[in-house]
Amino acid sequence: MTNNTPQLFRIACLLISVRTLHDGLLRIGRDFLDDARGCEPDIRVNITQQDIDAERLRSPDGGAGFSDRYIETLAVCRQISEIMPSFGRFLMHGSAVAVDGEGYLFTAPSGTGKSTHVRFWREMLGDRAVMVNDDKPFVGVGDSGATVYGSPWQGKHRLGGNISVPLRAVCVLGRAKENSIEEITSAEAMPTLIKQIYRPDSHEMLAETLGLIDRLNRTVKFYRLGCNLDPDSGRVSYEMMRNNKKEG
């Protein structure tokens, strides 16, 4: 399906105009559509076939088996993420959940168990736990603190929504025989954060991103969780993080 009409989306509290060739973004981002006609967008994205082809080359195995419609959604995410740092936001690979209106972000390489661990929180806490995003949330850092935002790129299970909450903690997750969690310094968290954030191609935007990470380090608590993917790991991590708030 060809789609040449720009669509307006509200992502991370920014108005974004997107012109695409296919309808993939409309399918995954319907909850983020905005009808703010007459307003000047914060960001404009115009996807061409060249953008799709370039994104395919970046994908594992050249994106074999994936349609242009799907690859285009990744190209849109990339273009938005390249510009986001100028608005005080960056993309992070992770799974974010809100509990009682506060956000907790789990990050680790793919396949480590982020989504599984967040599922334990949701099963344990019921309606108190709301998914923000299960794959690619945006994080904003401002004078009043840090915020985690949902995005249309919600992972294979399509968990998340067009919501935002104050970010209270970031947890680096790893596999272990026994469940344990400890608070770590921002310096200890930094190597994982650098690997898990989107790093813009632009030197200017990369510098902005690193500046935001430095500010984040002064805003939220960081933890390291050793997890054996037993449901009790959810209790272990939640009990530690809920009562250990960053001092302002």
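The values are calculated or read from the model by the stated rules, or taken from the named source; none is laboratory data. If you're wondering where the values come from, they're calculated on a predicted model, not measured in any experiment. Positions of Cβ are generated from backbone atoms using ideal geometry, with glycine treated the same way; all protein chains shown enter the neighbour counts. Just the protein is used for accessible areas: all its heavy atoms, side chains included, with ligands, DNA and RNA removed. Shrake-Rupley method; radii C 1.70, N 1.55, O 1.52, S 1.80 Å.
Taking the criterion of being farther than 17 Å from ARG30 by Cβ, part of a loop (DSSP other than H, G, I, E, B) and under 10 Å from the mean Cα position of the chain (by Cα), no residue of segment 140-178 qualifies. For residues in segment 225-235 being closer than 14 Å to ARG122 by Cα and open to solvent by less than 50 Å² (accessible area, probe 1.4 Å), which is nearest to the chain's Cα centre (by Cα)? Going through the qualifying residues, I end up with GLY234. May I ask you to verify whether THR185 is within 24 Å of LEU212 (Cα to Cα), under 15 Å from the mean Cα position of the chain (by Cα) and among the polar types (S, T, N, Q)? So THR185 fails the test. Restricting segment 95-107 to residues that are surrounded by 18 or more Cβ atoms within 10 Å (Cβ to Cβ) and out of contact with any Cys (no Cβ under 9 Å at 6 or more places or on another chain), the residue that is farthest from GLY126 (Cα to Cα) is SER95.
Applying the condition of being over 27 Å from ARG218 (Cβ atoms) and in contact with a Phe, Trp or Tyr (Cβ under 6 Å, 6 or more places away or on another chain) to segment 130-167 and asking which residue is surrounded by the most Cβ atoms within 10 Å (Cβ to Cβ) yields PRO152.
Matching residues to (1) over 24 Å from MET131 (Cβ atoms); (2) of a type in the set (D, E, K, R):
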site	(1), (2)
ALA169	no, no
GLU188	yes, yes
LEU193	no, no
MET205	yes, no
LEU210	yes, no
ARG215	yes, yes
LEU229	no, no
GLU239	no, yes
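Have a look at GLU188, GLU208, GLU204 and point out the one that is open to solvent by 40 Å² or more (accessible area, probe 1.4 Å), of a type in the set (Asp, Glu), in contact with a helix residue (DSSP H, G or I) (Cβ under 7 Å, 6 or more places away or on another chain) and in a helix (DSSP H, G or I). None of the others qualify; the one that does is GLU208.
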